[in-house]
Amino acid sequence: MPLKLRLDGLQAEISALDKLIEQATSYGDVIAEYQLTKRKKILHDEIVHLHEAKENTASVALFFGGKPVLGSRGIAVEFAGSVLGLFQDLVSTLFSQTEIGCLGERGIIPLKDASRLMVTEVSRGSFGFVLDEMSDQMEIVDTTLKNIIGEVAKLLERTASPNELEFEEAVEVLDSRTLMALKDFFLKLDTNDATLRFVEDVVDFTLDEASIRRGRQRTESTSINESEDYISGEIIGFLPNHKKFEMNSDANTPLYGSVSMEAAEQYSNLAASGDFVIPKKCKIKIQRRIVRPLNRPPREVIRLLEFAEL
């Protein structure tokens, strides 16, 4: 269960105990006051422990409202199964894009097993599901899937944001397959008149019907066209940790953009052996993505895929 939900539950119980302790004090019930105060201290200790023993695996809660939900009593089966599957597809495509680069428009999503979440609890309030990453070993740092869930949270919030620029910045880093998964998710929510509350360790936001409709319209009216090319020139900047590069091409055209994991590894290996000193003449393979958002001019996004010749 996400840390925030556990902390909220403990804080709610402490608030209820405070009222009971106040009543016990007013009635002079010393034994009840002692027992309730002891229970309150246990809860405070548990809160401290939760803050110190941070979970490093992915955990997220999705709460749904609107037409498919009957208060906190139930949720339509067809909607629940479909929307959870679409959320998993969004997580898996973004996970694969991050790990191996841009995906094909069709076919099996690579590394899908590594990005699988499991329903571990049903939460009430509005009707929701807790999805967790299941691992047989103790993780000492945040897993890749946990980081991806954080990126999914940002992506959903920015796509539905009233600020158009936030969506444009978010969609620049996506490939067409991930954009399609994002569009399908918003489409399912909107056509069913549903709302969504997203809760992670420190993230908690709600997408109402207007936000979801805005997200659907943006994703449906945005297209991403991808192509690959080889460019010769001089690398004048490279940040392997941040996966960024800058180049002056032989055609006197400046290029800059992101770097694939493979290209970053190539650079690190060559730099370690002394074969890559900036500035460096080379030939690179790039991917061009032309992003065309609604009512805005197209934007070109470049990604360095690999070093072809040095």
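The values are calculated or read from the model by the stated rules, or taken from the named source; none is laboratory data. Note that this is a predicted model, so its numbers are computed, not measured. With ideal geometry, Cβ positions are generated from the backbone for all residues, glycine too; neighbour counts draw on all protein chains shown.
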Hits in segment 140-161 - residues which are hydroxyl-bearing (Ser, Thr, Tyr), surrounded by fewer than 19 Cβ atoms within 10 Å (Cβ to Cβ) and assigned to a helix (DSSP H, G or I)
144
So residue 73 ticks every box in (1) within 26 Å of the chain's Cα centre (by Cα); (2) assigned by TED's automatic domain parsing to the domain that holds residue 190 but one. Which box is left unticked?
(1)
If you go through 278, 236, the only one that is more than 20 Å from residue 154 (Cβ to Cβ), touching an Asp or Glu at 6+ places or on another chain (Cβ under 8 Å) and among the β-branched types (Val, Ile, Thr) is 236
Looking at segment 258-277 only, could you name the residues that are within 27 Å of the chain's Cα centre (by Cα), outside any helix (DSSP H, G or I) and at pLDDT 85 or above?
258, 259
Evaluate the following for residue 230: is it touching a residue at least 60 places away in the same chain (Cβ under 8 Å), farther than 24 Å from residue 168 by Cα and over 22 Å from the mean Cα position of the chain (by Cα)?
yes
Six or more apart or on different chains, Cβ under 7 Å: which pairs go from a residue in segment 166-181 that's assigned by TED's automatic domain parsing to the domain that holds residue 96 to one that's among the acidic types (Asp, Glu) and at pLDDT 85 or above? Could you list them?
181/89
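With respect to residue 303, determine if the residue is surrounded by 11 or more Cβ atoms within 10 Å (Cβ to Cβ), closer than 23 Å to residue 221 by Cβ and among the basic types (Lys, Arg).
Numbers: surrounded by 11 or more Cβ atoms within 10 Å (Cβ to Cβ): yes; closer than 23 Å to residue 221 by Cβ: no; among the basic types (Lys, Arg): yes.
It is false that residue 303 is surrounded by 11 or more Cβ atoms within 10 Å (Cβ to Cβ), closer than 23 Å to residue 221 by Cβ and among the basic types (Lys, Arg).
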Can you give me the number of residues within segment 44-59 that are surrounded by 10 or more Cβ atoms within 10 Å (Cβ to Cβ) and either at pLDDT 90 or above or outside any helix (DSSP H, G or I) (or both)?
5
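Mind listing whichever residues of segment 60-100 are among the hydroxyl-bearing types (Ser, Thr, Tyr), surrounded by fewer than 19 Cβ atoms within 10 Å (Cβ to Cβ) and either over 21 Å from residue 209 (Cβ atoms) or free of Cβ contacts under 8 Å to residues at least 40 places away in the same chain (or both)? Give the derivation first.
Taking segment 60-100 first, the residues among the hydroxyl-bearing types (Ser, Thr, Tyr) are 72, 82, 92-93, 96, 98.
Applying the additional criterion that residues be surrounded by fewer than 19 Cβ atoms within 10 Å (Cβ to Cβ) yields 72, 82, 98.
Hit for segment 60-100 is 98, nothing else.
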Residue that is farthest from the chain's Cα centre (by Cα), among those in segment 236-257 that are over 15 Å from residue 300 (Cβ atoms) and polar (S, T, N, Q)
252
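Given the residues 62, 20, which is the only one that is out of contact with any strand residue (DSSP E or B) (no Cβ under 6 Å at 6 or more places or on another chain) and modelled with pLDDT of 85 or more? Step through it out loud before you land on a result.
Values: 62 fails: out of contact with any strand residue (DSSP E or B) (no Cβ under 6 Å at 6 or more places or on another chain).
It is 20.
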Residue 294 surrounded by 18 or more Cβ atoms within 10 Å (Cβ to Cβ) and either touching a residue at least 12 places away in the same chain (Cβ under 8 Å) or in contact with a helix residue (DSSP H, G or I) (Cβ under 9 Å, 6 or more places away or on another chain) (or both)
no
Considering only residues that are surrounded by fewer than 15 Cβ atoms within 10 Å (Cβ to Cβ) and either of a type outside the set (A, V, I, L, M, F, W, C) or assigned by TED's automatic domain parsing to the domain that holds residue 203 (or both), look in segment 1-17 and name the one that is modelled with the lowest pLDDT.
8
Report the residue count in segment 94-128 for those that are under 17 Å from the mean Cα position of the chain (by Cα), closer than 25 Å to residue 77 by Cβ and at pLDDT 80 or above.
4
Has segment 162-173 got any residue that is at pLDDT 95 or above, surrounded by fewer than 16 Cβ atoms within 10 Å (Cβ to Cβ) and either closer than 21 Å to residue 297 by Cβ or touching an Asp or Glu at 6+ places or on another chain (Cβ under 7 Å) (or both)?
no
Note on segment 214-252: residues crowded, with 17+ Cβ neighbours inside 10 Å, modelled with pLDDT under 90 and of a type in the set (Ser, Thr, Tyr) are 222
